[in-house]
Structure formats: C-alpha cells, structure tokens
1. Condition test on Val79, is it buried (at least 21 other Cβ atoms within 10 Å of the Cβ), touching a residue at least 40 places away in the same chain (Cβ under 8 Å), β-branched (Val, Ile, Thr) and farther than 22 Å from Val135 by Cα?
2. Under 6 Å between Cβ atoms, which residue pairs at least 6 apart in sequence (or on different chains) link something in the range 12-38 that is among the hydroxyl-bearing types (Ser, Thr, Tyr) with a partner that is surrounded by fewer than 18 Cβ atoms within 10 Å (Cβ to Cβ)?
3. Do we have any residue at all in the range 140-148 that's free of Cβ contacts under 8 Å to residues at least 40 places away in the same chain, under 20 Å from Val31 (Cβ atoms) and either open to solvent by 70 Å² or more (accessible area, probe 1.4 Å) or of a type in the set (Asp, Glu) (or both)?
4. For a quick check of your reading of the model, give me the residue pairs whose first member lies in the range 100-114 and is free of Cβ contacts under 8 Å to residues at least 12 places away in the same chain, whose second is part of a helix (DSSP H, G or I) and open to solvent by 10 Å² or more (accessible area, probe 1.4 Å), with beta-carbon atoms closer than 9 Å and at least 6 apart or on different chains.
5. Tell me whether the range 54-69 contains one or more residues that are in contact (Cβ under 8 Å) with a residue 60 or more places away in the chain and farther than 15 Å from Asn112 by Cα.
6. What's the total number of residues in the range 78-95 that are under 16 Å from Gly150 (Cα atoms) and in a helix (DSSP H, G or I)?
7. Among the candidates Leu9, Leu73, Leu89, which residue alone is open to solvent by 20 Å² or more (accessible area, probe 1.4 Å), among the aliphatic types (A, V, I, L, M) and in contact (Cβ under 8 Å) with a residue 12 or more places away in the chain?
8. So, in the range 127-139, of the ones that are free of Cβ contacts under 8 Å to residues at least 24 places away in the same chain and open to solvent by 30 Å² or more (accessible area, probe 1.4 Å), which residue ends up nearest to Gly76 (Cα to Cα)?
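The values are calculated or read from the model by the stated rules, or taken from the named source; none is laboratory data. Predicted model, so just to flag it, every value in this text is computed and none were measured. We place every Cβ from the backbone using ideal geometry, glycine too, and count neighbours over all the protein chains shown. All accessible areas refer to the heavy atoms of the entire protein, side chains included, with ligands and DNA or RNA removed. Shrake-Rupley method; radii C 1.70, N 1.55, O 1.52, S 1.80 Å.
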Amino acid sequence: MIAKSLPILTFIAAIGAGVVGGVFFAFSNFVMPALARLPAAGGIAAMNSINITVITPTFMTALFGTGLVCLVLIAGAVVGWSQPGSSWLLAGAPIYLVGNSIVTMVFNVPLNDALAAVDPASSSAVWTGYLRDWVMWNHVRAVTAIVALGCFIFAWQ
C-alpha cells in the first residue's frame, strides 16, 4: 500500500520543499537584508509583523505538512529499500525534517518569540544579534529545503 503511494508523496514533498526553500531563500537573500537597512525599531516592528502574518494555514501546511510527508517517505524508503529512489528518499526526507521542521522550532521560533518581547525603541543590540542568528539559521533552512528538493527529484525519476 505505502509503496504505491510513494511516487505521489515524493512529488508532494518535492513541491513542499521547493515552496518552503523558495520562501527561506527569499528571506535570506533580500527580505532580511532590506529589514537590516531599517532603523532597529522599524526592523523589529516589521519582523514582528511578518512573524504574526506568516502563521497561515497555507504556509504552515507547506512547512510542517511537508515534514509529515517526509516521515511517511522515510518509512516507505525503509520498507521498500530495494525500490529505485529509496536511497534518495532516505537522504532527502531527514534533511528536510531536521533542516526545516526542527531548525524552525528549536532556533527560529524562539528567536522570534524573544524579539516579540523586546521594546523596539530601545533594542538596537537585540536587533543586531537577532539578524545575525536568525539569518544564519534561515540559511540552513533554505539550503536544506533545496537539497531535499533535489533528492526528491532524483527519487521520483
């Protein structure tokens, strides 16, 4: 049963990883650099607004739904190890899970929560540290989502 659904689940994971990787790529390459050019109070206010606005069913499904699909792909790859593409699934799915779902929950969300708790008018040092740390972890998320996408493409062929 699971073997028959692997091609469609792999396709879904590829689309999800591509969407998520694209969002994180954009943040790393031009959104965060643009926010960094603002005065600290403006950057903090803008990022706090983004952090509220991003919590939508669509983005949460892309980010965490792809992670759930990855769990199924891992099981399917292990059970169907002899099937073509299983090694690519067993590479891509954990890369996505760790690099996106776990990094988001362990690093980016706590940074966002800490930023939401500060007074934007008096937090220049906090903003500088936030930018450094958040962007570093976002680079990890962007790269791992794109690498996972590549693995899913190779698995799907």
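1. no
2. Short answer, once both residue conditions are applied: Ser28/His139.
3. no
4. Val106/Trp137; Val109/Asn51; Asp113/Asn51
5. Yes, the range 54-69 has at least one match.
6. So the count comes out to 10.
7. Leu9
8. Looking at residues that are free of Cβ contacts under 8 Å to residues at least 24 places away in the same chain and open to solvent by 30 Å² or more (accessible area, probe 1.4 Å), I get Met136.
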